[in-house]
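Engineer: Handing you a structure now.
The values are calculated or read from the model by the stated rules, or taken from the named source; none is laboratory data. The shown structure was predicted, so the numbers you read here are calculated from the model rather than taken from an experiment. Counting neighbours? That spans all protein chains shown, and the Cβs are built from the backbone with ideal geometry, glycine included. Please note that ligands, DNA and RNA were not included when accessible areas were found on the heavy atoms of the full protein model with its side chains. Shrake-Rupley method; radii C 1.70, N 1.55, O 1.52, S 1.80 Å.
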Amino acid sequence: MLKTIICAAVLMLCASVSAQNATEQRSDRKIIEISKIVKLSPEQEAAIRNAYDAYNLTVDSALYVEQNPVKASRMKYAANKTFYKAMMGVLNTEQRNRYIQVTSVPDVEAKTEYNISLLREGGEYTESELSSMKKDIFKYLMREKVVYMRDKYDVAKQKDNIRRLKETQPKAMKESNIIEKMKVQGRLKNGKMKW
């Protein structure tokens, strides 16, 4: 009987150590991911690690404990919001902007390519002109993405800042948006206006 109790205690201790290692591995990966983009001080690293560990506990509860999918979804949303605000609060403005810009490059590139493809369809611009427009559109979309991500969980502030930023849209972006609307309405075919 004593052997069984000792064996059970050893197994519980091993499971506890294994769970602790898994948690450390997850937060280690998150710190490595962020550190590839911005240099973190030891204090920043500790704060982000603590916030990420809390995030993982909540998400794990939502996945493995909560049976109601709506409640689980709300738990996950709240955990994302809490972690994101904690991480962004720990980073200084320069780090925050760099992190958002670097992680947003693939999305902004895809949106830029889409806008350029709309302009290219009409055949009114040379590749040189499109290349210049591409740079302007990319810069604008990146500024928009930074505002969107910076104010991700403050919808009123985000909407206000995006509205003001749209006033600075480059001409090529405005034209691309008009072309897109016309295509959706069925007023354009192969880049040409249908009358």
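Engineer: Across region 110-117, in residue order, what do the Karplus-derived ³J(HN,Hα) couplings come to in whole Hz, using 6.51 cos²θ - 1.76 cosθ + 1.60 with θ = phi - 60° and x for Gly and Pro?
Structural biologist: 5, 5, 5, 4, 4, 5, 5, 5
Engineer: Also, quick follow-up: Consider all pairwise Cα distances in region 100-159 and report the whole-number % of them above 14 Å. Intermediate results must be reported in sequence, preceding the final value.
Structural biologist: Numbers: 1047 of 1770 pairs.
Counting pairs separated by more than 14 Å, the tail of P(r) holds 59 percent.
Engineer: At a 1.4 Å probe radius, carbon and sulfur cover how many percent of the accessible area of region 57-195?
Structural biologist: On the way: 4950 of 9110 Å².
Looking at region 57-195 in its full context, I get 54 percent from C and S.
Engineer: By its C-alpha gyration tensor, with a ≥ b ≥ c as the square roots of the eigenvalues, how is region 59-122 shaped: rounded for a/c under 1.5, else prolate for a/b larger than b/c, else oblate? Provide the component values of the computation, followed by the final result.
Structural biologist: Details: a/c = 4.68, a/b = 1.63, b/c = 2.87.
Since a/c reaches 1.5 but b/c is at least a/b, the shape of region 59-122 is classed as oblate.
Engineer: Right, next: Explain nothing, just compute: Karplus ³J(HN,Hα) = 6.51 cos²θ - 1.76 cosθ + 1.60, θ = phi - 60°, for every residue of region 48-54 in order, whole Hz, x for Gly and Pro.
Structural biologist: Coupling constants for region 48-54: 5, 4, 4, 5, 6, 5, 5 Hz.
Engineer: Residues in region 80-106 near a label at residue 155, defined as backbone nitrogen under 15 Å from the 7 Å Cα→Cβ point?
Structural biologist: From region 80-106, the list is 81.
Engineer: Ok, one more. Sort 99-112, 45-58 for me by packing, meaning the mean count of neighbouring Cβ atoms within 10 Å per residue, highest on top.
Structural biologist: Numbers: 99-112: 15.4, 45-58: 17.0.
Averaged packing, sorted descending, gives the order 45-58, 99-112.
Engineer: Still on this model: Using the Karplus equation 6.51 cos²θ - 1.76 cosθ + 1.60 (θ = phi - 60°), what ³J(HN,Hα) coupling, rounded to whole Hz, does each residue of region 151-157 give in order, writing x for Gly and Pro?
Structural biologist: These are the phi-based 3J(HN,Hα) values: 9, 3, 9, 10, 4, 4, 5 Hz.
Engineer: Provide the packing ranking of 85-95, 131-141, i.e. peptides ordered by the mean count of other C-beta atoms within 10 Å per residue, highest first. Write down the numbers at each step before the final one.
Structural biologist: Working: 85-95: 15.2, 131-141: 17.3.
Listed from highest to lowest mean packing, they are 131-141, 85-95.
Engineer: In whole percent, what relative contact order does region 65-195 give with Cα contacts below 8 Å and a gap of six or more residues? Show your work: numbers first, answer last.
Structural biologist: On the way: 78 pairs, mean separation 34.4, N = 131.
Result for region 65-195 is 26 percent.
Engineer: Could I ask something else about it? Can you work out the FRET efficiency for the pair residue 64 and residue 35, with r the C-beta to C-beta distance and R0 = 35 Å, to the nearest 0.05?
Structural biologist: So the FRET efficiency works out to roughly 0.75.
Engineer: Place the peptides 175-184, 33-42 in order of packing, highest mean first, counting for every residue the other Cβ atoms within 10 Å and averaging per peptide.
Structural biologist: Details: 175-184: 14.7, 33-42: 13.1.
In decreasing order of mean packing, 175-184, 33-42 become 175-184, 33-42.
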